[in-house]
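Where a number appears in this text, it was derived from the coordinates with a stated rule and is not lab data. Predicted, not measured: the structure shown is a model, and the values here were computed from it. Virtual Cβ from ideal backbone geometry, glycine too; neighbours counted across all protein chains shown.
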Amino acid sequence: MKANAYKSIYLLTAAAFILSVGLSGCGSKKKATNVAAEEEELITYYCSGPDYRTDKKHFRSNAIGESNDQMVARKKAMSNAKAALAGQIETVIKGTTDNYVNSREFNNVEEVEERFETLNREVVNQQLNNLKTICQKHTRTKSGKYKTYLAVEMGVDALEEAMKRRLSRDKQLKIDYDYEKYKETFEKEMEKLEEQGTY
């Protein structure tokens, strides 16, 4: 009987020890989690998200500009947004040109591709001056710097129309240029860009 009593006391002591170790371990994990949360700060990124992504009807981009001067911060944001937008458009135009030229029977493929790209680049540069600002937020950091969050868009229809006018005026391309085929190819490239959903 005494052996059973000692055995019970031993088991209770062991269980209490294990329980106390387990609880102290949980406490330290909880403390570590709180420390990590205290060291991190949730950042608000204005003018971004699904409403500011490129779709079939609009090229869109967003950017941030930061400076000690508020106007410089805005100019940086606009410059960054334009660069991002130009990159998207360049990707679509390159894909369109490659696929369109390869689907047609041109005598000198390289020359035609180069001509298309040059004309398209001219159109894009002109259209970048007609961007619409769809979101703009200004903040000031704790260190006193200004931040501008900006989102811009360009209508796909306006770009297509400008490309159509420019390409149809080119004497070298006008002979073999098929606008409907080019537009169809362009729209397929836009669908690919929208499916990526990264912009």
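Here are the numbers for this structure:
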quantity: Built amide H within the under 5 Å cut-off of HIS58, gap 5+; calculated: VAL156
quantity: Extension gain (nm, one decimal) between GLU41 and LYS181, 0.36 nm per residue minus Cα-Cα; calculated: 45.3 nm
quantity: For segment 30-154: lysine pairs under 18 Å (alpha-carbon distance), excluding those fewer than 8 apart on one chain; calculated: 18
quantity: Highest average packing first - 58-65, 42-49, 177-184, Cβ atoms within 10 Å; calculated: 58-65, 177-184, 42-49
quantity: Normalised alpha carbon radius of gyration of segment 135-193 [divisor 2.2 N^0.38 Å]; calculated: 1.90
quantity: Calculated FRET value between LYS171 and LYS94, using beta carbons and R₀ = 22 Å, to 0.05; calculated: 0.40
quantity: P(r) tail fraction, segment 50-196 - alpha-carbon pairs more than 17 Å apart, %; calculated: 63
